[in-house]
Amino acid sequence: MKTSSYTCLIVSIFVFLSISSAASYNSVDFDAFLQCLPKHSDVSTVGAILTPNNASFQSIYQLRANNLRILSSATSRPVAIITALHPSHAQAAVICAKRHGIHLRIRSGGHDYEGLSYITDVPFVILDMFNLKSIAIDMKTETAWIQAGATIGELYYSIAKKSKVHGFHMVNGRILNRKSMGEDVFWAIRGGGTTSFGIILSWRIKLVRVPPRVTVFTVQRTLEQGATELAYRWQQVAPKLPKDLFIRLQPVPINNGGNNKTVRVSFIGHPTTLTGHFLGQADGLLRLMNVRFSELGLTRNDCLEMSWVKSALYWAGFPNGTSIDVLLDRVQVDSVLQDQVRLLQSSDPEARVRDLMASVDGH
Ligand SMILES: Cc1cc2nc3c(=O)[nH]c(=O)nc-3n(C[C@H](O)[C@H](O)[C@H](O)COP(=O)(O)OP(=O)(O)OC[C@H]3O[C@@H](n4cnc5c(N)ncnc54)[C@H](O)[C@@H]3O)c2cc1C
C-alpha cells in the first residue's frame with residue numbers, strides 16, 4: 001500500500017472480507033464452521049475459539065462490550081467468539097464464515113457507540129482482536145507498528161517508555177479529496193456493503209514531537225458565578241484558538257446542600273499534538289488566554305505543568321500523580337451510553353446555552 005505524506009495513519013495489512021448474505025439460525029452449520037477454522041490457520045486455534053459452553057465466553061463477551069445498555073437488553077449473542085491469537089486466525093475466520101454463510105462482526109476495542117462490533121440480528125460470530133496487541137516503536141523513523149487490538153492507553157504508555165518528547169495524535173481533522181487522500185485510501189473508503197471492506201491487522205503510525213513539559217488547566221464556575229455567559233463566550237472563542245490548545249466544556253449538576261441545585265461547568269484546557277509543535281509551559285498559555293479568553297480569568301494557580309503522557313491521564317480524569325501504569329488497564333467502561341442530540345429551538349444563541357444549562361440541571 002502506498003504511503004501518503006498527509007496522514008499519520010497507514011492501514012497496513014488487511015484480510016479482505018467477502019460479504020455473505022444473511023442466513024437464518026436454522027440454516028447455518030456452526031459445527032462445520034468451527035471445524036473449518038483449524039484447517040485454515042497457520043498455528044493452533046486452541047484457546048482462540050470460545051463458544052457459550054466455555055466458562056469465559058460470557059465474561060469475554062461482556063468485557064469487550066462497552067455499552068451496558070446493549071448488554072442489559074435482549075440482544076442476540078454471538079454463536080462463537082474467535083479471540084485471534086495469530087493473524088491467520090483472522091484469515092481463517094473470514095474463509096470459514098464465507099464458506100458456511102455466517103456473519104462476522106469484528107471487534108477491536110468494543111467502543112462503538114451503537115455496539116456495531118458485537119451485535120446484529122442474524123447468526124454471527126465475533127472476531128475479537130484484543131489479543132493481537134503488539135506495539136513496536138522505531139525511534140529512528142519516529143514511527144510505530146501497532147496491532148489492531150492494542151488500546152490507545154497501551155500505545156501512549158509504550159511511547160512514554162521510549163521517549164519523553166514524542167506523542168501521537170489520533171485525528172488530524174483534514175478534509176481530503178480523491179487526489180489528496182491517494183488512490184489506495186480512496187478505493188478502500190468506498191466500502192464493501194453493510195460491513196467493512198477488510199480486517200485491519202495492524203497500523204503504522206507516525207509519532208509527533210512534543211515538548212518535555214506541557215500545560216493543562218481546569219477552571220470551574222457555577223451558574224451563579226457566570227458559567228452560562230462563559231459557556232457562550234467559549235463557543236465563540238474555542239474554534240478560533242491556535243491548534244495547540246483544546247478547551248473542553250463539561251457541565252455537571254451539583255447540589256449545594258438542601259434543595260439548592262446548580263450546574264458546575266469545568267473548562268478543561270489541554271494541549272493537542274495537531275501541529276506537532278504544541279503548547280509548552282504555563283507562561284505562554286497565560287499570555288494566550290489573556291488575549292483570547294480573558295473572561296475565563298485563568299491564573300497560574302489553575303495551571304499544571306506535566307509530561308505529555310501525564311496530560312493524557314489528566315484529560316481522562318485521573319487525579320494528578322496517578323501512575324502511567326493505569327494506561328495498561330483494560331477495564332470495561334462502566335457506562336450506559338446516553339448521549340443525546342438535543343434540539344434547542346431558540347434562534348438566540350445565548351438562550352440556547354441557557355436552555356442547555358437548564359437541561360443539565362434537570363429543569
Ligand atoms: C465514550 C466514547 C467516547 C469517544 N470519544 C471519541 C473521541 O474523542 N474521538 C474519536 O475519534 N472517537 C471517539 N469515540 C468513538 C470511537 O473512537 C469509535 O467508536 C471507534 O470505532 C472505537 O474503536 P474500537 O476499536 O473500540 O471499535 P469497535 O467497537 O471494536 O469497532 C467499531 C467498528 O469498527 C469495526 N472494526 C473493529 N475492529 C476492526 C478491525 N480490526 N478491522 C476492521 N474493522 C474493525 C467494527 O466491526 C465496528 O463496525 C468515542 C466513543 C465512545 C463510546
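The values are calculated or read from the model by the stated rules, or taken from the named source; none is laboratory data. What you see is a predicted model, and the numbers here were worked out from it, not measured in a lab. Because the Cβ atoms are built from the backbone with ideal geometry, glycine has one as well, and the counts that use them run over all protein chains shown.
Listed by first and then second residue, the pairs linking a residue in segment 44-56 that is in contact (Cβ under 8 Å) with a residue 24 or more places away in the chain to a residue that is in a loop (DSSP other than H, G, I, E, B), with Cβ atoms under 6 Å apart and 6 or more places separating them unless they lie on different chains, are Ala48/Leu85. For segment 202-235, filtering for residues that are in contact with a Lys or Arg (Cβ under 8 Å, 6 or more places away or on another chain) and within 30 Å of Ile146 (Cα to Cα) leaves 1. For Val165, the conditions (1) β-branched (Val, Ile, Thr); (2) within 11 Å of the ligand (Cβ to nearest atom); (3) out of contact with any helix residue (DSSP H, G or I) (no Cβ under 7 Å at 6 or more places or on another chain) all hold with the exception of (2).
For segment 207-244, taking the residues that are buried (at least 18 other Cβ atoms within 10 Å of the Cβ) and assigned to a strand (DSSP E or B), the one that is farthest from the chain's Cα centre (by Cα) is identified as Arg221. Please specify each residue of segment 275-300 satisfying the condition of being modelled with pLDDT of 90 or more and either in contact with a Phe, Trp or Tyr (Cβ under 7 Å, 6 or more places away or on another chain) or farther than 24 Å from Tyr232 by Cα (or both). Result: Leu296, Leu298. Among residues that are farther than 30 Å from Val353 by Cβ and at pLDDT 90 or above, Ile247 is not included. Residues in segment 245-266 that are surrounded by 21 or more Cβ atoms within 10 Å (Cβ to Cβ) and touching a helix residue (DSSP H, G or I) at 6+ places or on another chain (Cβ under 6 Å): Val263, Val265. The set of residues in segment 236-258 that are farther than 16 Å from Val219 by Cβ and among the polar types (S, T, N, Q) comprises Gln236, Asn255, Asn256. When Ile146, Ile126, Ile137 are screened for being within 10 Å of the ligand (Cβ to nearest atom) and part of a strand (DSSP E or B), only Ile126 passes.
The selection criterion, being surrounded by 22 or more Cβ atoms within 10 Å (Cβ to Cβ), touching a residue at least 12 places away in the same chain (Cβ under 8 Å), closer than 22 Å to Ala316 by Cβ and outside the structural domain of Val28 (by TED's automatic domain parsing), does not hold for Ile152. Among the residues of segment 68-91, the one identified as of a type in the set (S, T, N, Q) and crowded, with 20+ Cβ neighbours inside 10 Å is Thr83.
Of all residues in segment 47-67, those that are surrounded by 15 or more Cβ atoms within 10 Å (Cβ to Cβ) and of a type in the set (Ser, Thr, Tyr) total 1. If the condition is being of a type in the set (Val, Ile, Thr) and either within 13 Å of the ligand (Cβ to nearest atom) or in a loop (DSSP other than H, G, I, E, B) (or both), then segment 84-105 contributes Val94, Ile102.
Annotation: Met170 fulfils all but one of (1) at pLDDT below 90; (2) in contact with a Lys or Arg (Cβ under 9 Å, 6 or more places away or on another chain); (3) not aromatic (Phe, Trp, Tyr); the unmet one is (2).
Per the conditions (1) at pLDDT 90 or above; (2) within 12 Å of the ligand (Cβ to nearest atom); (3) surrounded by fewer than 21 Cβ atoms within 10 Å (Cβ to Cβ), the sole criterion not satisfied by Ser108 is (3).
Within segment 308-327, the set of residues being under 22 Å from His169 (Cβ atoms), more than 15 Å from the chain's Cα centre (by Cα) and in contact (Cβ under 8 Å) with a residue 60 or more places away in the chain comprises Trp308, Val309, Ser311, Tyr314, Ile324, Val326. When you scan segment 60-70, do you find a residue that is within 11 Å of the ligand (Cβ to nearest atom), in contact (Cβ under 8 Å) with a residue 60 or more places away in the chain and in a strand (DSSP E or B), even just one? Within segment 60-70 (the criterion being within 11 Å of the ligand (Cβ to nearest atom), in contact (Cβ under 8 Å) with a residue 60 or more places away in the chain and in a strand (DSSP E or B)), the answer is yes, since at least one residue qualifies.
Tell me yes or no: at least one residue of segment 293-305 is part of a helix (DSSP H, G or I) and free of Cβ contacts under 8 Å to residues at least 12 places away in the same chain. Within segment 293-305 (the criterion being part of a helix (DSSP H, G or I) and free of Cβ contacts under 8 Å to residues at least 12 places away in the same chain), the answer is yes, since at least one residue qualifies.
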